[in-house]
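Quick note: the coordinates plus some simple rules give every number you see, no bench work behind them. From a predicted model like this one, the values you see are computed outputs, not experimental measurements. Don't worry about glycine lacking a Cβ; one is built from the backbone with ideal geometry, like all the others, and counts go over all protein chains shown.
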Amino acid sequence: MEIRSRVGQLLFSCSRPFNAVECVLAALNAGVSLVDADLCAWDLSGIRLSGVPLDFADLQGALLSGADLRGCSLKGAKLNRARCDAARLDGANLSGAELCGADLSGVQARQCLFTGADLRGALYDKHSLFPFDGTEAERQGMRLK
């Protein structure tokens, strides 16, 4: 399993058979930056990445169910169609991020920055917590599940 940048540069190669979560954690332990990393469609369910910079990372279609992303910087990240249900995003910076069609059901993001984020078609439910209300969510193009 390999972690590459969005332009294909090798960032980290797992030397033994890791699952996606173990590979990402091994890369971080080795000092690898995940800024601009291509983690498209990776299953990172339940991963704990509190405070990790993930700016401009490609997480389109990734499984982030139950992930702890509190305090992460995800500026300009691509999270289109990502499954982020029950993820913890308090204190995260999603400024300029793309979240079109992302599943944000049950997400905890009360103190999250969404300045300039594209939320069109993102799903949320009555358990989702955002720094804005349902009226603003609808104005942003989000859909209640």
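Side notes on the structure shown:
- Residues Lys145, Lys75, Lys126, sorted so that the one with the fewest Cβ neighbours within 10 Å comes first: Lys126, Lys145, Lys75
- Measuring max minus min along each principal axis, the C-alpha atoms of the chain give extents of 48, 25, 21 Å (largest first).
- Between helix 20-29 and the chain: long-axis angle, C-alpha atoms, 0 to 90°, nearest 10: 70
- Shape category assigned to region 13-74 from the gyration tensor of Cα positions, a/c cut at 1.5: rounded
- Estimated inter-spin distance, Arg48 and Arg6, nm [label 7 Å along Cα→Cβ]: 2.9
- From its DSSP helices (H runs of at least four residues, each -39,500 (n - 2.57)), the chain gives a residue-normalised ellipticity at 222 nm of -3000 deg cm²/dmol.
- Among beta bridges identified by DSSP and lying wholly in the chain, the antiparallel ones come to about 25 percent.
- Whichever aspartates and glutamates have a C-alpha closer than 18 Å to that of Lys126, once near sequence neighbours (fewer than 8 apart) are set aside: Asp85, Asp90, Asp103, Glu136, Glu138
- Percent RCO, i.e. relative contact order, over the chain, from Cα pairs under 8 Å lying at least 6 residues apart: 14
- Estimated distance in nm for a label pair at Cys14 and Gln111, the labels positioned 7 Å out from Cα along Cα-to-Cβ: 3.2
- Cα shape, region 71-132, gyration tensor, a/c 1.5 rule: oblate
- Neighbour counts of other Cβ atoms within 10 Å put Val24, Val7, Val35 in the fewest-to-most order Val7, Val35, Val24.
- The simple spin-label model puts a point 7 Å past each Cα toward its Cβ; for Asp125 and Arg143 those points are separated by 1.6 nm.
- Highest mobility in the GNM of the chain, judged by mean-square fluctuation with C-alpha springs under 10 Å and restricted to Asp90, Asp133, Asp58, is found for Asp133.
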